[in-house]
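What follows is a set of notes on a single structure, which appears directly below.
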């Protein structure tokens, strides 16, 4: 059986007080699924991060996308919700 790779993007800012918690929770949940999940952190304080954020309509951080679809804006979000919404296909 082949497992589909799920891509998660976490848009963050180094000055955001909520971003470290969001990044940590996403990483913890993703780690349970091993190689079937790829997490990319996108720093919105870099030219590339600004460009990508603008292209995806990111207006605030943290913002989490799964497979190109915006799932969360802001933090805190709860772990059970995170598991269900972030990784329904990575089982």
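Points worth noting:
- Region 6-86, relative contact order [Cα under 8 Å, separation at least 6], %: 42
- Ranked for footprinting exposure by Cβ neighbours inside 10 Å, fewest first, 45, 33, 11 give 45, 33, 11.
- Placing a label point 7 Å from the Cα of residue 59 along the Cα-to-Cβ direction, the residues of region 1-33 whose backbone N falls under 18 Å from that point are 11-13.
- Just so you know, the Cα atoms of region 5-61 work out to an Rg and Dmax of 11.8, 32 Å.
We did not get these values from a lab; they are worked out from the coordinates using the rules stated. All figures in this text were calculated on a predicted structure; none of them were measured in a lab. Positions of Cβ are generated from backbone atoms using ideal geometry, with glycine treated the same way; all protein chains shown enter the neighbour counts.
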